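What follows is calculated from the coordinates using simple rules that are stated; it is not laboratory data. It should be emphasised that the depicted structure is a prediction, and the values quoted were computed from it without experimental measurement. So basically every Cβ, Gly included, is an ideal-geometry build from the backbone, and we count neighbours across all protein chains shown.
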Amino acid sequence: MDAFLAISARHGIKPLFVLFDSCWDPEPRQGPQHPPIPGVHNSGWVQGPGAKALADPAQYPRLESYVKDVVARFAKDDRILGWDVWNEPDNSNGNSYPDTSQARYDQVATLLPRVFEWARSANPSQPLTSGIWHHDHWERLEGLNEVEKTQLTQSDVISFHDYSWPEIFEARAKSLESYGRPVICTEYMARGAGSTIDTVLPIGKRRNVGMINWGFVVGKTQTNLPWDSWQKPYTMRPPVVWHHELLQADGTAYRPREIEIIKRLSAAPKSMAPAD
C-alpha cells in the first residue's frame with residue numbers, strides 16, 4: 001500500500017481505499033488465482049470477507065484486527081482521500097454468484113456498523129464512507145433497509161454508485177443533498193447502460209458531486225465487457241461499445257473526446273460545467 005501511495009502521489013492521485021467488498025466470487029482463497037474467464041466481465045474478482053468468514057462470528061476478531069491495523073497504519077497519511085469501509089455490502093450478485101438469502105443479508109447488516117466502529121477507533125484523519133447503490137431516492141431514511149441506513153448515518157462523506165441515464169443520476173445525487181455532507185459518486189460510467197462521460201460528468205460538476213468512474217485501463221478485469229457477458233461471453237467478437245474503461249492497454253484513449261471532457265471539467269470552477 002505504501003508503494004502504491006508513493007506512485008499515486010507522484011501523479012497527483014489520492015486513492016479511496018476499500019476495506020471490504022461484497023461483489024463477485026464469494027469463495028476467496030490465498031495463493032495463485034485462476035485466470036480470467038474468456039469474454040466475461042470481472043470474472044476474477046473475489047469478495048472479502050468471503051461467505052464462510054461472513055457467516056462465522058469466530059472470525060470477526062481477525063477482521064477487526066485487519067481493519068484497525070490497516071487504518072491505524074495510514075491514519076494520518078494525507079496521500080489518502082478516504083476509506084470506503086465496505087463496497088456494496090448488500091449486493092446479492094444476482095448476475096454472477098446469486099445469494100439472496102436472508103441469512104447473508106442479516107450477517108452484513110450486523111457486521112457493517114462494527115466495521116465503521118473499528119475503522120473510526122483508529123482515529124483516521126481521512127473520512128469514512130460506504131457507497132449506497134440501489135433504490136432511486138435516498139432523501140429519507142424511512143423505507144430504506146438497515147444496511148442503507150447504516151451507510152447514510154455512519155458515513156462522514158456520502159458516497160453512491162449509479163450507472164443509469166443522466167436524469168436518474170441527477171435525481172439520485174439531488175436526493176442525497178438533504179444530509180448536508182459532501183457527496184461523491186464512487187462508481188459511474190457504463191456506456192451501454194446510458195451512463196457516459198459526456199452526459200453524467202457535467203451534472204456531477206454542476207452539483208459539486210465528486211466523480212470516480214469505473215475503470216481506467218483495459219486489462220485482466222475485462223470490465224470493458226458488459227455485465228451480461230456472464231450469460232453470453234464475448235469470445236467471438238468484442239462489444240460494439242466498451243462498457244467501462246478509459247484507456248487502451250498501450251495507454252491511448254479509447255475515445256479521445258472523453259479525455260478532453262475530463263480535462264475541461266477538472267479545470268473549471270466548482271459548480272460550473274462549461275458549455276461545449
List the residue pairs whose Cβ atoms are under 9 Å apart, where the first residue sits in region 84-105 and is free of Cβ contacts under 8 Å to residues at least 60 places away in the same chain and closer than 13 Å to Pro49 by Cβ, the second is in a loop (DSSP other than H, G, I, E, B) and among the polar types (S, T, N, Q), and the two are 6 or more positions apart or on different chains. Arg104/Ser22; Arg104/Ser92
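Looking at region 135-148 only, could you name the residues that are surrounded by 16 or more Cβ atoms within 10 Å (Cβ to Cβ) and under 18 Å from the mean Cα position of the chain (by Cα)? Before you say what the answer is, go through the steps one by one.
We begin by selecting, within region 135-148, every residue surrounded by 16 or more Cβ atoms within 10 Å (Cβ to Cβ); these are 138, 144, 147-148.
If the condition is that a residue be surrounded by 16 or more Cβ atoms within 10 Å (Cβ to Cβ) and under 18 Å from the mean Cα position of the chain (by Cα), then Trp138, Val147, Glu148 are the ones that fit.
Being in contact with a helix residue (DSSP H, G or I) (Cβ under 8 Å, 6 or more places away or on another chain), of a type in the set (A, V, I, L, M), on the phi < 0 side of the Ramachandran plot and not in a loop (DSSP other than H, G, I, E, B) is the requirement here; does Val70 meet it?
Values: in contact with a helix residue (DSSP H, G or I) (Cβ under 8 Å, 6 or more places away or on another chain): no; of a type in the set (A, V, I, L, M): yes; on the phi < 0 side of the Ramachandran plot: yes; not in a loop (DSSP other than H, G, I, E, B): yes.
So Val70 does not fit the description; no.
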Residue list for region 19-40, restricted to those being assigned to a loop (DSSP other than H, G, I, E, B) and among the aliphatic types (A, V, I, L, M): Ile37, Val40
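Residue by residue through region 227-246, note down the ones that are buried (at least 21 other Cβ atoms within 10 Å of the Cβ) and in contact (Cβ under 8 Å) with a residue 40 or more places away in the chain.
As a first pass, look at region 227-246 and keep what is buried (at least 21 other Cβ atoms within 10 Å of the Cβ): 229, 242-245.
Once the filter is applied, which keeps residues that are buried (at least 21 other Cβ atoms within 10 Å of the Cβ) and in contact (Cβ under 8 Å) with a residue 40 or more places away in the chain, region 227-246 yields Ser229, Trp242, His243, His244.
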Is there a residue being of a type in the set (Asp, Glu), surrounded by 20 or more Cβ atoms within 10 Å (Cβ to Cβ) and without any contact (Cβ under 8 Å) to a residue 40 or more places away in the chain anywhere in region 162-180? yes
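To keep it simple, each residue is scored yes or no on (1) under 20 Å from Thr150 (Cα atoms); (2) outside any loop (DSSP other than H, G, I, E, B).
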{"site": "Phe17", "(1), (2)": "yes, yes"}
{"site": "Lys52", "(1), (2)": "no, yes"}
{"site": "Lys76", "(1), (2)": "no, no"}
{"site": "Asn93", "(1), (2)": "no, no"}
{"site": "Tyr97", "(1), (2)": "no, no"}
Looking only at region 206-226, count how many residues are touching a helix residue (DSSP H, G or I) at 6+ places or on another chain (Cβ under 8 Å), outside any loop (DSSP other than H, G, I, E, B) and either touching a residue at least 60 places away in the same chain (Cβ under 8 Å) or surrounded by fewer than 18 Cβ atoms within 10 Å (Cβ to Cβ) (or both). 1
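Going by the structure shown, is Ala58 in a helix (DSSP H, G or I) and under 21 Å from the mean Cα position of the chain (by Cα)?
Numbers: in a helix (DSSP H, G or I): yes; under 21 Å from the mean Cα position of the chain (by Cα): no.
Judged against the criteria, Ala58 is not a match.
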Would you call Val115 assigned to a helix (DSSP H, G or I), β-branched (Val, Ile, Thr) and either touching a strand residue (DSSP E or B) at 6+ places or on another chain (Cβ under 7 Å) or surrounded by fewer than 16 Cβ atoms within 10 Å (Cβ to Cβ) (or both)? yes
